[in-house]
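To start, the structure under review is shown below, and the notes come after it.
The values are calculated or read from the model by the stated rules, or taken from the named source; none is laboratory data. Keep in mind it's a predicted model, so treat the numbers as computed, not measured. Heads up, the Cβs are rebuilt from the backbone with ideal geometry, glycines too, and the neighbour counts pull from every protein chain shown. The accessibility values were calculated without ligands, DNA or RNA, using every heavy atom of the protein model including side chains. Shrake-Rupley method; radii C 1.70, N 1.55, O 1.52, S 1.80 Å.
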Amino acid sequence: MSLDVALQNAVSGLRATQAQIQVVSGNIANAQTPGYSEETLPQTSDAATTGGSGVLTGEVQRVTDTGLQAALLNQTTASSGAATIDSYQQQIQNLIGQVGSGNTIADSFNTFTTAMQAAATTPQDPVAQLGAVNAGQQLATKLNDMSSGIQTLRQTADSQIATDVATLNSSLDTIGQLNTQISKLQALNQPTATLEDQRDQAVAQVAQLIGIQSYTRPDGTMVVMTSQGRTLVDGSNVRQFGFIQAGTVTAATPLSALTLDGTDVTAATTTGEVGALLQLRDTQLPNVTAQINQFTNTLFNQTATANLQTTNSGLGATNDANHFFANVDIGAGLDNAATIQVNPDLLTNPALLENGALGPDSTITASMLQNLQAAAAFSAGGGLPATVTPLSSYIGQVIGNAATTAAAATSNAQDQSAVLNQMQSQYSSATGVNLDSELSTLVVYQNAYSASARVISTIQTMFDALMNA
């Protein structure tokens, strides 16, 4: 082998080793960078070198595992949706009140029936009459507050959907832009590992919000689709989601659908944070409203007697004369918990609980108390079956259902999070940076660099010797 060939081989080795050191150093520097994948630099022998074999390096590549990545994206979607459901279910339970807290709707109802019992026992006692009216107003206020709280949660969910849709569209745009850059660089045989990492992070952001699937074309571009197969990104072509945020939300407020390029995809979007928020806004929270209104409507009907001399309040569509409560529209049955209140006549004159049309009447309060404690028919609604049971039992079912649902949501969220953490650890082990391994590799390449440098130095000495001979 001539000294020229030997020098060429040594220089190629020096350059290759220097490039490898740069890659390893980059891995070490980015070991804690979120979304960073380990990078490698392939190298091969250069047999074309006359009389020897040099070293050729390729383009920087990143370590990937498409199977693990797809599973991780699916689990990200599941965990995000479960966490969202759990967060809202805990708030629903707090609104209704936890059993034993003393602050549930059942506690307010029991306080009311106790006050009515006192008024029935001592019908001529003005203090007992006022106590019954005040307890009724506190119960009505509790129902008002619950209704308001439920609609506030729906409004919060609606607002978060709008924020998520903006994030979703931005992430999809990012994927499309990175597709263009990656495709151009790949065509020029330039490294694309950093851009691919950035694209993976954008894809992960999308997966947190909705369920997706994806694959990469030979030109390096990625195709992203919904779980149902609707294309979101194909090369540089990006489809956009649409959503219009509502202002103040009531039970009657028409809320926006989620669209994809103008097509309604609300019903098809069931996973991820957006899917969970849609489910909460359109199903789970309205179910609670329906349950509370079953209770409200029955409470209104059970606290009425022809001997009670209250007049029509004019507050609601239902004629509420001879009713303890007012401002309830049984005919519409939309969100009566939002409007129910004690009849204004009783607020002005609690003595009406004892003063009948023909004079003192001790049966007025006793009759309403009996109805409050009697079994009543409840229609199926809000996820609860039709039943015939006292008001106290029905509201107990509402509270129990909320507690059971909240507990199940927490358990599911914890399970999904545990699986996600395990899969993230597995994916990181497969594609992330192992500092011990990288440091060991760095030492190997540093020694190789020194060896190539010594060869070059030796060849230089030999050249000098020949020149001086």
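Exactly one residue out of Asp345, Asp329, Asp320 is among the charged types (D, E, K, R), more than 30 Å from Pro254 (Cα to Cα) and without any contact (Cβ under 8 Å) to a residue 40 or more places away in the chain: that is Asp345.
Filtering region 373-400 down to residues that are under 15 Å from Asn293 (Cβ atoms) and in a helix (DSSP H, G or I), which residue is nearest to the chain's Cα centre (by Cα)? Result: Val398. Given the conditions (1) β-branched (Val, Ile, Thr); (2) in contact with an Asp or Glu (Cβ under 9 Å, 6 or more places away or on another chain); (3) at pLDDT 95 or above, report the number of the one that Thr64 does not fulfil. (3) is the only condition that Thr64 fails. Quick check: is even one residue across region 122-137 modelled with pLDDT of 90 or more, within 26 Å of the chain's Cα centre (by Cα) and either buried (at least 18 other Cβ atoms within 10 Å of the Cβ) or farther than 20 Å from Asn401 by Cβ (or both)? No, the conditions are met nowhere in region 122-137. Go through region 347-383 and give me each residue that's open to solvent by 20 Å² or more (accessible area, probe 1.4 Å) and among the hydrophobic types (A, V, I, L, M, F, W, C). Selection gives Leu347, Ala351, Leu352, Ala357, Leu358, Ala366, Ala374, Ala375, Ala377, Ala380.
For the list (1) in contact with a helix residue (DSSP H, G or I) (Cβ under 9 Å, 6 or more places away or on another chain); (2) in contact (Cβ under 8 Å) with a residue 40 or more places away in the chain, I need the number of the one condition that Ala162 fails. Here Ala162 clears every test but (1).
Between Thr269, Thr263, Thr298, the distinction of being open to solvent by 40 Å² or more (accessible area, probe 1.4 Å) and β-branched (Val, Ile, Thr) belongs to Thr263 only. Taking into account only those residues within region 206-250 that are without any contact (Cβ under 8 Å) to a residue 24 or more places away in the chain and open to solvent by less than 70 Å² (accessible area, probe 1.4 Å), which is nearest to Val274 (Cα to Cα)? Selected residue: Met225.
Arg281 fulfils the conditions (1) closer than 19 Å to Thr253 by Cα; (2) assigned to a helix (DSSP H, G or I); (3) without any contact (Cβ under 8 Å) to a residue 60 or more places away in the chain except for a single criterion, (3).
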